[in-house]
1. Is it true that residue B:53 is open to solvent by less than 10 Å² (accessible area, probe 1.4 Å), over 29 Å from residue A:125 (Cβ atoms) and facing chain A (nearest Cβ under 8 Å)?
2. Could you check how many residues of the stretch A:99-157 are more than 22 Å from residue B:134 (Cα to Cα), over 20 Å from the mean Cα position of the chain (by Cα) and of a type in the set (Ser, Thr, Tyr)?
3. Criterion first (loosely packed, with under 15 Cβ neighbours inside 10 Å and among the aliphatic types (A, V, I, L, M)) does residue A:141 satisfy it?
4. Return yes or no: is residue A:28 more than 12 Å from chain B (Cβ to nearest Cβ) and either within 15 Å of DNA strand D (Cβ to nearest atom) or surrounded by 22 or more Cβ atoms within 10 Å (Cβ to Cβ) (or both)?
5. Does any residue in the stretch A:117-129 that is facing chain B (nearest Cβ under 8 Å) and open to solvent by 30 Å² or more (accessible area, probe 1.4 Å) come within less than 9 Å, Cβ to Cβ, of a residue that is at pLDDT below 95 and part of a loop (DSSP other than H, G, I, E, B) six or more places away or on a different chain, and which pairs are these?
6. On the basis of being within 9 Å of DNA strand C (Cβ to nearest atom) and basic (Lys, Arg), does residue A:64 make the cut?
7. If a residue has to be within 13 Å of DNA strand D (Cβ to nearest atom) and either free of Cβ contacts under 8 Å to residues at least 12 places away in the same chain or of a type in the set (Ser, Thr, Tyr) (or both) to count, how many in the stretch B:56-74 make the cut?
8. Checking residue B:48 against (1) in contact with a Cys (Cβ under 7 Å, 6 or more places away or on another chain); (2) more than 14 Å from DNA strand C (Cβ to nearest atom), which single condition isn't satisfied?
Number of protein chains: 2
Amino acid sequence: MSASRIAGSFENEEFLLFRLANAARRVSTLCAGVYENEFGLSVPEWRLLAQIGRFGTISATEVRERTSMERVAISRAAARCLASGLIVERTSRLDKRSKVLSFTAKGRALYRSVVPRSEALASEIEAGLSRTEVRQLKKLLGKLDDHARDMAARAIA
Amino acid sequence: MSASRIAGSFENEEFLLFRLANAARRVSTLCAGVYENEFGLSVPEWRLLAQIGRFGTISATEVRERTSMERVAISRAAARCLASGLIVERTSRLDKRSKVLSFTAKGRALYRSVVPRSEALASEIEAGLSRTEVRQLKKLLGKLDDHARDMAARAIA
DNA sequence: GAAAATTTGTTTCAGATGAAACTTTATCGC
DNA sequence: GCGATAAAGTTTCATCTGAAACAAATTTTC
C-alpha cells in the first residue's frame, strides 16, 4: 500500500509527542484521583501548596519561575486555596501589584499530611523503573523541556 | 523553617509527575501550533490520520488499541475529519456497530504533505537530545505508561 | 515628572476534555 | 431463541484550559 511506504521512519518509531502525551495523561489522571479523593486537592493546587511548603512565603511569579506553571493556573489554584482556607495572601509592601502567599494553620497541617502520601505515590509510580532509570528519565524530560522552551521562544521572536 | 524540614526527599527532586506534565504541555503546545497553522489539524486529528495512513482502513477501536487515545477523542477527531472531507466512514459488514475509516483523495494528499513536516518537527524537538537519549526516553516513557496503566487498572478492580 | 511601556495578577470567553448516560448491535448463558 | 450482559460509538454535561483582554502598579524614557 502506498500510504505506508510514504510513512518512512515514521512508521516504526512513534513520535515522541505521542508517547509523552500518553504517559503524562496516564500519570496525571492517576495522581489527580489520589489528590482529589484523599485530600480534595487538584494537581495545580497541590503544586502550589508544595511550593509554599518549600519556601514558606512566595509570590505567584516566584511559583511560576520555579514550577513552569501558567499564570492563570496559579491564580486559579490560589483562589481555590484561599476559598478553602488553606492559605492567606497579603499585598507585598515592596510591590503592590504582587501578593505573597503563605499557609494558614489548616493549610500547613494539610501540607504535612500530603507530603508523605505524595512521596509514596511517586514511589509507586516509579516502581516500574529502576532508580537509575528514574534519574535518567527526569534528566531527559528536563532537557527536552528546556529545548522545547527555547524553540517556542525562538518561534515567537 | 519547619515546613521545609518536613519535605524530606521531596525537597530536592521534583516529582516525576510535574516534570512530565511540563514537558508534555510544552511539546504539545509547540506541535499543536504547527499542525494547526500549517495544516488546520488538531493533534488528535493528526494522530487519527497517522493511523489511517499506516493501516489504510481502520476502526475506532483499532485506533484506540494502537494509540491509547480515548474513545471520545477518536470519535470527535473522526467527526471533524469527516466534516472537512479528509476521511470517509463505512459501517463494517462484520460488525454493524463498528465503522471503518479511510482516506478520501483529499485526506490522503494532506497526509502525504503532513508526514515530512511531522518528521522534521520531531527532529527539531529531538535535536536537544542525542539519538541514544531519544531512544532511551521513548523506552522509559513506554515503560512508565505501561506501569501506570497497570496501577490504574488495579485501582479500579 | 509625565507619557509610554512593562509587569503582576485576574477575568472573560471560547474551545478542549473526560466521565457518564445513551443507542445500537453483538455475544453470552441458559 | 431469548433475556442479560457487554461492546462500539456518540452525545451530553460539567469542568478544565489557555489565549487574550483587562486593571492596577511599577519602571523606563525622554
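1. Details: open to solvent by less than 10 Å² (accessible area, probe 1.4 Å): yes; over 29 Å from residue A:125 (Cβ atoms): yes; facing chain A (nearest Cβ under 8 Å): yes.
In short, yes.
2. The number of residues fulfilling the criteria is 1.
3. Judged against the criteria, residue A:141 is not a match.
4. On the way: more than 12 Å from chain B (Cβ to nearest Cβ): no; either within 15 Å of DNA strand D (Cβ to nearest atom) or surrounded by 22 or more Cβ atoms within 10 Å (Cβ to Cβ) (or both): yes.
No, not satisfied.
5. That search, which allows pairs on different chains as well, returns A:119/B:15.
6. Criteria met by residue A:64.
7. 10
8. All conditions pass for residue B:48, except number (2).
The values are calculated or read from the model by the stated rules, or taken from the named source; none is laboratory data. Everything numeric in this text was worked out from a predicted model, so none of it was measured. Every residue, glycine among them, receives a Cβ derived from its backbone with ideal geometry; neighbour counts consider all protein chains shown. The protein model used for the area step is the full one, side chains on, heavy atoms only, and it has no ligands, DNA or RNA in it. Shrake-Rupley method; radii C 1.70, N 1.55, O 1.52, S 1.80 Å.
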